[in-house]
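This report concerns only the one structure given below.
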Amino acid sequence: MPKTRREFSPEFKREAVALLESSGRPLMQVATEVGISPSMLRNWRAAVRGGTPRSRATPGVPVMPSPADQASEITRLKRELDRTRMERDVLKKAIGIFAEVPR
């Protein structure tokens, strides 16, 4: 009897890799809990990290940044936004100064 090939959604793959990386448990244990083979989980992890999977894992699974990475990116973007606003305000004042009509 031929085996049917199971297909997993990209969300399932991302969540399985996130569980592996956040739990700190061995790959074998997480793969068993999720109900997949360890090699499949290893290939998904390689695809998420941007490496080349050894077999036919789904390429293009988007990288899911950790909450710490997201928080640091948000902080960086807020600093950049504050600086841009300050530069805009300075330019507005400069335009006002140069646009004054001398008496």
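The values are calculated or read from the model by the stated rules, or taken from the named source; none is laboratory data. Computed from a predicted model, the values in this text were never measured in an experiment. Ideal geometry is used to build each Cβ from the backbone, glycine not excepted, and the neighbour counts take in all protein chains shown.
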Q. Hey, any hits in the stretch 81-92 for a residue that's at pLDDT 80 or above, under 30 Å from I36 (Cα atoms) and not in a loop (DSSP other than H, G, I, E, B)?
A. no
Q. What residue, of V61, V101, V48, is in contact with a Phe, Trp or Tyr (Cβ under 9 Å, 6 or more places away or on another chain) and modelled with pLDDT under 90?
A. V61
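Looking at this structure, is V34 among the β-branched types (V, I, T) and within 23 Å of A68 (Cα to Cα)? Before the answer, list the steps.
Values: among the β-branched types (V, I, T): yes; within 23 Å of A68 (Cα to Cα): no.
No: the conditions fail for V34.
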**Q.** Single condition R54 does not satisfy, out of (1) modelled with pLDDT of 90 or more; (2) outside any helix (DSSP H, G or I)
**A.** (1)
